[in-house]
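A short write-up of the structure that comes next.
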Ligand code: PLP
């Protein structure tokens, strides 16, 4: 077909993690006994009482468009949740409900960045961050993180790369892909730098509730407690906390001017988030939270199992991640080693070798800007974790 696509679509990459999930699904449908450590969502079903709320919403006729920024009842429920759970007072008109948090992140970049701007992205990063930045015509500026300190920003690298074109920074703690949870002092340091330069801080907190060792503190809570007064737009999601990835419900909050601009953009893109999901969301946020506690307990047991098994593998080291459901072990000792006559040049090669030899799907860290590491999701059963890591071991011992 002699038809030219836009420059915009040509400059972005497809979602690499979704591609890995597609590889796993295809192998499974071909009858291959594949073990999938690439999963980016809880393996539990949405809790029953939330499903019931969705069904009831449909029976009661909540099947129409809602207010563009979100149903007022849902925004009130979010406002209450933010006050109780996160300790931040946010008015309903400072909240925007979106079709998954991903849409909030995309929209905030559209609302605040321009051509010529640079936006700091800490690497390893969630694959969509650089693309959100590029889609807003700005350019990502990658800075290093420190693996020994929960993959917190390397502030020396940040200072040395900062120019006056930098207009914002995207942060994500707990992080996908590293599982790292930043210490409060790192967030304070970053907020102070952002305030000094007038940067917008976009804080992706979709794994806020999946934290194992200690309390999670929202960036905006720290911003207020310390009277820093940086500009922060926080994006949160129901996807991971309530195993609701398919319902597509997320939200953001921040200064009214930015939220209104995002609402204007979103209104022209998708009108509103789905009505049934918003009604179910009210029940999720204001109902019994035992389902979340139980899920976190299970994830914690799986994390401990995954990390201990990974650390028993030859030449692998893995820090215990403080949150999310990903382990991010260091495979760098296998770089430039040979297997079946092929040199393993990066983690794409290592992941591919593991997939081909023992049918275990992992996600190469190089795809997240995390050289030498591989992401292992433990959103799967303990039996599968044991079986899968056993297979990885049988693959690794053949590498010389
Ligand atoms: N941010 C991060 C770091 C994620 O890992 C994901 C989903 O994988 C999202 C945002 C998007 O979540 P949602 O399902 O709410 O769009």
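Derivation of every value follows stated rules applied to the coordinates shown; laboratory data play no part. Computed from a prediction, not measured in an experiment: that's the story for all the values here. Cβ placement follows ideal geometry from the backbone for every residue including glycine, while neighbour counts extend to all protein chains displayed.
Using the Kirkwood radius over C-alpha pairs as Rh, can you work out the diffusion coefficient of region 1-118 via Stokes-Einstein at 10 °C, viscosity 1.306 mPa s, in µm² per second? Estimated diffusion coefficient is 83 µm²/s.
A helix-only calculation puts the chain at -13000 deg cm²/dmol for mean residue ellipticity at 222 nm, using -39500 (n - 2.57) for each DSSP H run of at least four residues, averaged over all residues.
Each distinct pair of alpha carbons in region 296-356 adds a 1/r term; the inverse of their mean, the Kirkwood radius, is 12.9 Å. Summary of packing: across the peptides 175-184, 88-97, 385-394, the per-residue average of other C-beta atoms within 10 Å ranks them, highest first, as 175-184, 88-97, 385-394.
Any chance you could give the angle, 0 to 90 degrees and rounded to 10, that helix 101-112 forms with the longest Cα principal axis of the chain? Approximately 60 degrees, to the nearest ten. On a 0 to 90° scale, report how tilted helix 16-29 is relative to the longest principal axis of the chain, with both axes built from alpha carbons and the result rounded to the nearest 10. Helix 16-29 sits roughly 60 degrees off the main axis of the chain.
Modelled spin labels at residue 270 and residue 245, positioned 7 Å past Cα toward Cβ, are 1.6 nm from each other. Along each principal axis, taking the top coordinate minus the bottom one, the Cα set of region 251-364 gives 56, 36, 27 Å in descending order. Extension gain, residue 92 to residue 72, is 6.5 nm, computed as 0.36 nm per intervening residue step minus the present C-alpha separation.
Using alpha-carbon pairs under 8 Å, 6+ residues apart, how would you state the relative contact order of region 290-382 in percent? With pairs under 8 Å counted, the relative contact order is 26 percent.
In region 157-233 the Cα-Cα distances spread across 5 Å bins starting at 0 as 3, 15, 27, 25, 18, 9, 2, 0 percent of all pairs. Peptides 51-58, 148-155, 259-266 ranked from most to least packed, by the mean per-residue count of other Cβ atoms within 10 Å: 259-266, 148-155, 51-58.
At full extension, residue 256 and residue 315 could sit 16.2 nm farther apart than now, given 0.36 nm per residue minus the alpha carbon distance.
With a cut-off of 13 Å on the backbone N, the residues of region 113-130 near the modelled label site 7 Å out from residue 165 along Cα-Cβ are 114-120.
Measuring between their Cα centroids, region 353-387 and region 234-289 lie 30 Å from each other.
Whole number please: convex hull volume per residue of the Cα set in the chain, in Å³?
Dividing the Cα hull volume of the chain by its residue count gives 163 Å³.
Peptides 337-344, 207-214 ranked from most to least packed give 207-214, 337-344, packing being the mean of other C-beta atoms within 10 angstrom over each peptide's residues. Taking the inverse of the mean reciprocal distance over all distinct Cα pairs, the Kirkwood hydrodynamic radius of region 262-308 comes to 13.7 Å. State log₁₀ I(q)/I(0) for region 94-162 at q = 0.19 Å⁻¹ as given by the Debye formula over alpha-carbon point scatterers of equal weight, solvent excluded. The computed values of log10 I(q)/I(0) come out as -0.81. What is the calculated FRET efficiency for residue 155 to residue 2, with r their C-beta to C-beta distance and R₀ = 51 Å, to the nearest 0.05? The computed FRET efficiency comes out at 0.50. Expressed in Å, the radius of gyration and Dmax of the Cα atoms of region 228-273 are 12.6, 37.
For the chain, the longest principal axis of the C-alpha atoms and the axis of helix 290-312 are separated by about 30°. Its alpha carbons give region 235-315 an Rg and a Dmax of 18.1, 54 Å. Convex hull volume per residue, computed on the Cα atoms of region 299-400, equals 84 Å³.
Counted over region 191-329 with a bin width of 5 Å, the fraction of Cα pairs per bin, in whole percents, is 2, 8, 14, 16, 16, 15, 14, 9, 4, 2, 0.
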